[in-house]
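The values are calculated or read from the model by the stated rules, or taken from the named source; none is laboratory data. Computed from a predicted model, the values in this text were never measured in an experiment. Every residue, glycine among them, receives a Cβ derived from its backbone with ideal geometry; neighbour counts consider all protein chains shown. The accessibility values were calculated without ligands, DNA or RNA, using every heavy atom of the protein model including side chains. Shrake-Rupley method; radii C 1.70, N 1.55, O 1.52, S 1.80 Å.
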Amino acid sequence: MNTVIDLDQATTGNAGPKMGRLGELIRHGIDVPAGFVVTPAAYERSRDRADPAVAAEITKAYKRLCAGTDKPVVVRSSALDEDGAKASFAGIYESYLGVVGAERVAAAVRDCWSGLHSERAVAYRERLGANRPRTSMAVGVMLMVPARASGVAFTVDPVTGQDDRLIIEASWGFGEPVVQGVVTPDRIEIADDGRVLRNETGDKRIALVYSESGRMQHAELPASQARAPALTREQAVLLSNRVREVAALAGHPVDCEWVLDSAGDVWIVQWRAVTALPDTEAPRWDPAEYAARYAFRSA
């Protein structure tokens, strides 16, 4: 097996669920940032003291991705047990934003590998009863989209289980402040027919941005921007259609991480099955019917 492959060649078998699913989107024409994957085979080689050879492959792939000029990338884990049907591992493994230069990319890949055996990762797997003697990890390296706004979108309400609307949460810049709970994101609910059912603007005073000096940093925004919608209605509808395309491909409810760039283009940077629905009379989805439903709605 190759130690490094282009992202458009990634499958769940050779790149782990997280990167494999992004590769699938690319092959279906859905916008995903360009990138490459350091496969589980590279992790196994590194365990056999083949680090220099793996680092050389990463350097070649990074230079090819950047076309001669070092560009900031995102380095993300794609463990073989991550983003599964019964457990997402959300927040368990590390991601690194704004990594520039081949040496730093290789170091970030090694840091992702180290996280596979961190105390919290081991404890999480033990709670799931899935702590196998040997686990492995792919690592994705993708060009970093200059995020004007970002967030998550669900094709089913994760709180109520309602599947008659798509839920969007949006904030300025990159999404870390939302995850950390330091901002309240906008919340938009869009019906299957495109009607905006709810549009609440949150207080988004802190944004994570990539500065002109080439560093990720938190910026405090003026009140006028903090309380302004991060998405126009047209952008929200465009995003909802894109996420429904992902749901049609998956055949079940999905949770997508997305980024809106400065040109107004929407990029999907991660997606997974919605795994934590309430124990109510939530609908049960037939994959074929679900795919047909959203393929029709997103046309």
Most fluctuating of Ala153, Ala219, Ala34 in the GNM of the chain (C-alpha, under 10 Å) is Ala219
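Kirkwood-based Rg over Rh for the range 58-216 (C-alpha set), two decimals? Before the final figure, lay out the partial values.
Details: Rg = 18.3 Å, Rh = 18.0 Å.
Rg/Rh for the range 58-216 comes to 1.02.
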Relative to the first principal axis of the alpha-carbon coordinates of the chain, what is the inclination of helix 51-66, with its axis defined by its Cα atoms, in degrees from 0 to 90 and to the nearest 10?
50
Cα-centre dipole for the range 95-162 with unit charges at Cβ (Lys and Arg positive, Asp and Glu negative), debye to 20:
140
Once you have the alpha carbon radius of gyration of the chain, what is it after dividing by 2.2 N^0.38 Å, with N set to its residue count?
1.00
Which one, Ser136, Ser118, Ser150, has the greatest fluctuation when you compute a Gaussian network model over the chain with C-alpha springs under 10 angstrom?
Ser118
Take a quick pass over the chain and tell me how many lysine pairs come in under 27 angstrom between Cα atoms, counting only ones 8 or more apart or on separate chains.
6
Once the Cα atoms of helix 119-128 and of the chain are each reduced to a long axis, what angle between those two axes, in degrees from 0 to 90 to the nearest 10, is obtained?
60
Euclidean distance of C-alpha centroids, the range 102-152 and the range 19-75, integer Å
13
Nearest-20 debye value, the range 162-254 charge dipole, Cβ charges on Lys, Arg, Asp, Glu:
160
Cα-centre dipole for the chain with unit charges at Cβ (Lys and Arg positive, Asp and Glu negative), debye to 20:
580
Write down the accessible area per residue of the chain in Å², having rolled a 1.4 Å probe over the full set of protein chains.
47
Just to compare against my own numbers: the Cα pair-distance distribution for the range 161-216, 5 Å bins, whole % per bin, please.
4, 19, 21, 17, 15, 12, 6, 4, 2
Highest GNM mean-square fluctuation among Met216, Met137, Met19, for the chain with Cα springs under 10 Å, belongs to Met216
Value of [θ]222 nm, deg cm²/dmol, for the chain, DSSP H segments ≥ 4, -39500 (n - 2.57) each, nearest 500:
-10500 deg cm²/dmol
Mind pulling the angle between the C-alpha long axis of helix 12-27 and the longest principal axis of the chain? Nearest 10 degrees, somewhere in 0 to 90.
50
Suppose we look only past 16 Å in the calculated P(r) of the range 202-275. What percent of the Cα-Cα pairs does that tail hold?
63
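Between Rg and the Kirkwood Rh of the range 97-183, both from Cα atoms, what is the Rg to Rh ratio?
1.05
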